[in-house]
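The structure appears below as structure tokens.
The values are calculated or read from the model by the stated rules, or taken from the named source; none is laboratory data. What you see is a predicted model; the values in this text were computed from it and never measured. Glycine also receives a Cβ, built like all others from the backbone with ideal geometry; neighbour counts cover every protein chain displayed.
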Amino acid sequence: MSSTAYLDHDPYPDDDFDPSYDADSWVAPVPDAVDLVVETQVMLSVFAAQQLVRVHAMRSQALLAAERHGHQLTHVIERSVRLELACALAITEASAAHLLVLAEALVRRYPTVLDALGEARITQRHAELLVDAIDQVEPDLIAGLLPAALALAESLPVGKFRVRLRRLIDSARAVSLAERHEQAVQARRAAVESDADAMAWLHLYMPAVEAHAIYARATAIAKVLAAEPDETRTLDQLRADVLADLLIDGDTANVPPEARGIRPTAVVTVPALVLLGAEGTGDAFASVEGVGPIPLERARELCGAADGWMRVLTHPETGMVLSVGRDQYRPPAALRRLVRWRAETCMAPGCNIPATRCQIDHNIAWERGGHTCVENLCPFCQGHHTVKHHGRWHIEQVPDSGGAILWTSPTGRHYRVEPERRVPVFIPAGDQGTPPF
């Protein structure tokens, strides 16, 4: 949620573009340097699974021995095992406790995840994130969630997996979201936490939509102030000062006129039939970009509000949206919103920077004959935009994929990045040779 304007053109010339480049014909040495690193990662996953099995066996044997000798103080035995494990591995007791919990979960409750780790289909970090998240879910939902969660772990890097796993769980719990949100709203509060050097933290526990809106507005005003010639404060300092001025003085009289009246924007996605209040929409739910699922009543309220909300109506069955056409270099506002909405984040492998903070890239450069159309546009953060143009990586939008980007590394390896949402592909009848947009 941000009202800040970001670059929507391609600031990087294609000086190193090689039209004869053929990624498929390149053959890496076997094994090359990347293979050797990957081989080590495979061994780490296999050894991690073996260690967890043995950690669980160690705990089980200690508890069994205690039971045979009539010891009833199980918590003392658990503490003893934790201490010995910490000493043997030269780690803290907290780390030893984490290993014991993870081992018990994988061996007893989630053996399919343990198998995936032992076969190096996932890393230990994937397993840790999965267990931590699934353990917080209502017991009757776990059996249905686990296979989908494991499939995500096997197909996504850690950063993307964390986000998609949270979304998967939120979706499964969407049926009870309104009730849980209502209960949580009752606990909203503000608190001050004292810190060193006469400083303090101000905490607000409040609905996520409003929290993100507050932060976005403060950021937008701070960026206007940062552009002043004599301004020396950092963006963090400016944001804190803006919030203090708004809360203490209640107005923006101390900021330049161009920074007043700034309001945040947000993208609310909700099935059209749900928005219209139709019956039979089942467990459909709405979501806010950067926030996640929200109660449907809250979504209806937001979608009926003033300008600044991008209302994307999705098909109740396919989830697709209508396409947007153009015939100019700079994508029109509606097309920029559609491209960002489709991706949600930077379309580089593993990157979670929000699309609203990214630059819109012409995958095939405009000067090389590329079109300004949804099939040739995607968001890249500044860092990955630079890598795309100057890092000897080759990217292409996969035809008829709904927005997937295929990255080819300098060593010839392929990494496919899927968009968060898809849009339909339209090919005019009898016109197969020109882009549909």
Check: With (1) in contact with a Leu (Cβ under 8 Å, 6 or more places away or on another chain); (2) not assigned by TED's automatic domain parsing to the domain that holds Ile248 as the list, and Lys223 as the residue in question, which single condition is left unmet?
Finding: (2)
Next item on the list: State all residues of region 328-343 that are small (Gly, Ala, Ser) and touching a strand residue (DSSP E or B) at 6+ places or on another chain (Cβ under 7 Å); if no residue qualifies, say none.
Entry: Ala343
Next item on the list: Filter region 209-221 down to the residues that are within 25 Å of the chain's Cα centre (by Cα) and hydrophobic (A, V, I, L, M, F, W, C), then identify the one that is nearest to Ala286 (Cα to Cα).
Entry: Val209
Note to self: Given the criterion in contact with a Pro (Cβ under 8 Å, 6 or more places away or on another chain), without any contact (Cβ under 8 Å) to a residue 60 or more places away in the chain and not assigned by TED's automatic domain parsing to the domain that holds Leu152, identify the matching residue among Cys346, Cys358.
What the structure shows: Cys346
Checklist line | Residue that is crowded, with 17+ Cβ neighbours inside 10 Å, at pLDDT below 90, in contact with a strand residue (DSSP E or B) (Cβ under 9 Å, 6 or more places away or on another chain) and not assigned by TED's automatic domain parsing to the domain that holds Leu152, where the choices are Arg421, Arg368 | finding: Arg421
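Output the number of residues of region 364-402 satisfying the condition of being in a loop (DSSP other than H, G, I, E, B), within 16 Å of Glu418 (Cβ to Cβ) and under 22 Å from the mean Cα position of the chain (by Cα).
3
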Next item on the list: Output yes when any residue across region 137-159 is of a type in the set (S, T, N, Q), modelled with pLDDT under 95 and more than 28 Å from Val417 (Cα to Cα), and no when none is.
Entry: no
Check: Taking into account only those residues within region 327-365 that are of a type in the set (D, E, K, R) and out of contact with any Asp or Glu (no Cβ under 9 Å at 6 or more places or on another chain), which is surrounded by the fewest Cβ atoms within 10 Å (Cβ to Cβ)?
Finding: Asp327
Next item on the list: Would you point out the residue of region 121-135, among those that are over 17 Å from the mean Cα position of the chain (by Cα) and among the hydrophobic types (A, V, I, L, M, F, W, C), that is surrounded by the fewest Cβ atoms within 10 Å (Cβ to Cβ)?
Entry: Val131
